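Inspection log for the structure reproduced underneath, given as structure tokens.
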Amino acid sequence: MEATRFAHHSELQLAKLLDFYGVAWEYEPRTFVLDWDRAGAPVQAFTPDFYLPAYDLYIEITTLNQKLVTKKNRKARRVQELYPDVRVKVLYQRDYLHLLVKYGLEPPSQLVADGLAGAEPFPFDLRRDPRPGLGMPESA
């Protein structure tokens, strides 16, 4: 991890959490082309932040403004349309901060400062996929 240059501090924090729990990860290992021009050259692409090989899952962290959240959600859906065997989950700001607070990487005051003290985190289960038949078995 020390040689990895993260684009955002939130990615570094998630990497620390994954390392602590022994979850293998790769940082931005693959870019998915989402759209091409008439000549076949890529014009839009998406590079998720993390890949978790043990779960065959890509994770995109979004802790920024709502406009970017909408854009990332759209791109994640497009990846799943074009690459149906690829699993992508978007980890939203409230869920990300709840994880950091839960595992002691950020103080609880961070939730208050960001206006998320009363917000419930979205259930984030690495084993389950919302698409029928694509979740990991419960024993995994």
Problem set entry | Label zone at residue 12 (point 7 Å along Cα-to-Cβ), backbone N below 11 Å, region 37-60 | none
Seminar exercise, completed: When 8, 98 are ranked with the fewest other C-beta atoms within 10 Å first, the list becomes 8, 98
Problem set entry | 5 angstrom amide H check on residue 28, placed H, neighbours 5+ away | 50, 51
Problem set entry | Length released on extending from residue 20 to residue 4, taking residue separation times 0.36 nm less the Cα-Cα span | 4.1 nm
Exercise. Among the lysines in region 9-113, how many pairs, 8 or more places apart or on different chains, have alpha carbons under 21 Å apart?
Worked result: 8
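Here, each number is a calculation from the coordinates, and none is a lab measurement. What you see is a predicted model, and the numbers here were worked out from it, not measured in a lab. Backbone-built Cβ (ideal geometry, glycine too); neighbour counts: all protein chains shown.
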